[in-house]
Structures are given as structure tokens and as C-alpha cells.
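A quick write-up on the structure given underneath.
The values are calculated or read from the model by the stated rules, or taken from the named source; none is laboratory data. Note that the coordinates shown come from a computational prediction; the quantities given were computed from them, not determined experimentally. Note that each Cβ is placed from the backbone with ideal geometry, even for glycine, and that neighbours are counted across all protein chains shown. Note: areas computed on protein heavy atoms with side chains; ligands, DNA, RNA excluded. Shrake-Rupley method; radii C 1.70, N 1.55, O 1.52, S 1.80 Å.
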Amino acid sequence: MFRPITVQPEQIEQKSFQIIDEEIGEHTFTPEQYAIVQRVIHASADFELGKSLLFHPRAIEAGTAAIRAGKKIVADVQMVQVGINKARIEKYGGSIHVYISDEDVMKEAKRLNTTRAIVAMRKAVKEADGGIFAIGNAPTALLELIRLVKEGVARPGLIIGLPVGFVSAAESKEELAKLDVPFITNIGRKGGSTVTVAALNALSILAERKSV
């Protein structure tokens, strides 16, 4: 009969990270990048996904600076918002926002016959200049944000673009990787809210360490 091992959550996490370190094999990530990769693998149990992460050269520096400066964090869906460690964001004066269910966003999307994700990004860029955009669900949100960046309308501090799916997910991340804007993304269809949260939470831990 199987008997679950009774250990503290910290011990489970520590053991999980130890297993990841043992199994990941060779990689070229910097120590700070690997801290994010490690948590993404921990959240997904997917080494392929973790090793497919791509980092803009200024991604870690820009992201931790935005957190410590109390910049807004914009999530594409509530699932991302719920998973973010709010205490580590709020200690620097930051806040987390999701616009996709706002009444004005829903009305405008209906009027334009477009997705709420697209309209939500148009609203978000007006209110979160220099902030972190964490997109884990809607490729259309990421594509719209990329368009707004190219047009000079959006000036994000960091884009975490890890949407999952079969339609436009991989393509949206390919376009993000071409931008000269700090980003964290990955190659392929894999991604999702859980791994987006993991990446942002890892980033907030790094921000805490930098402020010590």
C-alpha cells in the first residue's frame, strides 16, 4: 500500500529543485536565468519547456528593476493574477491588474467585433507605462502588445510572453523574440498561465535578493 511521504512544503520544494538540477543536463543559462528556468520546470515538470526559454539580454535587469520601482504588472487573465505572489510585489508599491473583464473592455470588444484580450492590451498600455506584462493564455494579447510596441504606443519594462496553444501561440513568441524590448519567452506551443506565474514569481525573488 502506498503511503505518502509527510514532509514540510519547503522540503518538497528543495527536493524538487535538487531533482531538476540533477536531471536538466547541460545548458547555457546564466545563474539568474536558470533561477527562472528552474521554477518553470518545477511548475510544469517539463524539461523541454524549461530549456526552450529565451531571455532578452536585459530581461532580468529590467524585470527586477521594474518590480523594485513599484511598476504595475499586467496579466492577460485572472489565472495569472491569482498565482502571482502579491506580497513580494506590493512590498515595493507595485500592483497587479487584469483588464480583460472590465466593462468598458467588453463593450469595446463587442463594438469592434474583436477579442477582449486585444482591447484589454490597448487599455493596459495607457495605464502601465514601464510595467511588466505577463501573458500566459492569449496569443492575441501578445500579438497586440507587440504591435503597440512597434508603433511606439507601448513602452513595457518587460514582457513575459508564454502563451499556450495551437493557434498563433508559437508565432506570437517568435515575433516577441525579434523585439529590442526586454522579454522572457519560449520556443513552440507550450506555455500557459502556470509557467507564466512561475517565471514572474522567480523574478520577484531575484528582485528581493538584489534589494538586500
Provide a single number: the residues in segment 188-212 that are closer than 23 Å to Ile84 by Cα and in a loop (DSSP other than H, G, I, E, B). 5
Quick one: would you say Glu90 is of a type in the set (D, E, K, R), surrounded by 24 or more Cβ atoms within 10 Å (Cβ to Cβ) and either at pLDDT 95 or above or more than 13 Å from the chain's Cα centre (by Cα) (or both)? no
Given (1) more than 15 Å from Ala207 (Cα to Cα); (2) in contact with a strand residue (DSSP E or B) (Cβ under 9 Å, 6 or more places away or on another chain), index of the condition Glu90 fails: (1)
Could you list, in sequence order, all residues of segment 93-135 that are over 15 Å from Ile146 (Cα atoms), within 17 Å of the chain's Cα centre (by Cα) and either polar (S, T, N, Q) or assigned to a strand (DSSP E or B) (or both)? Ser95, Ile96, His97, Val98
Restricting segment 108-137 to residues that are surrounded by fewer than 20 Cβ atoms within 10 Å (Cβ to Cβ) and small (Gly, Ala, Ser), the residue that is farthest from Val74 (Cα to Cα): Ala109
How many of the residues making up segment 43-54 are surrounded by fewer than 20 Cβ atoms within 10 Å (Cβ to Cβ) and either touching a residue at least 24 places away in the same chain (Cβ under 8 Å) or under 21 Å from Leu179 (Cα atoms) (or both)? 7
Could you grab the pairs with beta carbons closer than 6 Å, sequence gap of 6+ or different chains, first residue in segment 146-162 and more than 25 Å from Ser52 (Cα to Cα), second one open to solvent by 70 Å² or more (accessible area, probe 1.4 Å) and modelled with pLDDT under 95? Arg155/Asp129
Is segment 22-35 home to any residue that is surrounded by 11 or more Cβ atoms within 10 Å (Cβ to Cβ) and in contact (Cβ under 8 Å) with a residue 60 or more places away in the chain? yes
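Here's the yes/no breakdown for (1) hydrophobic (A, V, I, L, M, F, W, C); (2) touching a strand residue (DSSP E or B) at 6+ places or on another chain (Cβ under 8 Å); (3) in contact (Cβ under 8 Å) with a residue 60 or more places away in the chain:
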| position | (1), (2), (3) |
| --- | --- |
| Met106 | yes, no, no |
| Thr114 | no, no, no |
| Ala117 | yes, no, no |
| Gly131 | no, yes, yes |
| Ala169 | yes, no, no |
| Ala198 | yes, no, yes |
| Glu208 | no, no, yes |
Reported set for segment 140-177 where residues are β-branched (Val, Ile, Thr) and in a helix (DSSP H, G or I) is Thr140, Ile146, Val149
Would you tally the residues in segment 14-36 being outside any helix (DSSP H, G or I) and at pLDDT 90 or above? 5
Would you confirm whether or not segment 65-74 contains a residue that is surrounded by fewer than 20 Cβ atoms within 10 Å (Cβ to Cβ) and in a helix (DSSP H, G or I)? yes
